[in-house]
Amino acid sequence: MDTNELLRYLFTPVAQVALIMAIAEIIKKIGLDKRFIPIVDVVLGLAIGIGVYIVYFHMNPVEGTLIGLALGLSACGLFSGTKNVVEKIKED
């Protein structure tokens, strides 16, 4: 596995999920109702999937869209899971 493949399949998606979470958090702080944050996560994931994987890595549009969807859903789930753990710790 060369460096480009490592970036494409490991480091890039991890950084993109973190970026999606950060942007969604900023949008929430600006004033968007937190009920809409999962939608924001998915839209940002799709935008990154199209922008990075289709345009930059020249992947098939279906692959780029699916990867983007997975990124957005991962960011949403990671945020939700982390929030639930923190709330549980605060209760104890």
- request: Would you compute the Debye intensity of the chain from its alpha-carbon atoms alone, equal scatterers and no solvent, and pass along log10 I(q)/I(0) at q = 0.14 Å⁻¹ to two decimals?
  value: -0.54
- prompt: Counting only complete DSSP H runs, which helices of the chain cover 30 Å or more along their long axis at the Cα atoms and score a mean Kyte-Doolittle of 0.0 or above?
  reply: 61-91
- prompt: If you bin the C-alpha pair distances of segment 28-67 every 10 Å from 0, what whole percents do you get?
  reply: 33, 36, 23, 9
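A short reminder: the numbers here are calculations on the coordinates, not readings from a lab. Quick caveat: nothing in here was measured; it's all calculated off a predicted structure.
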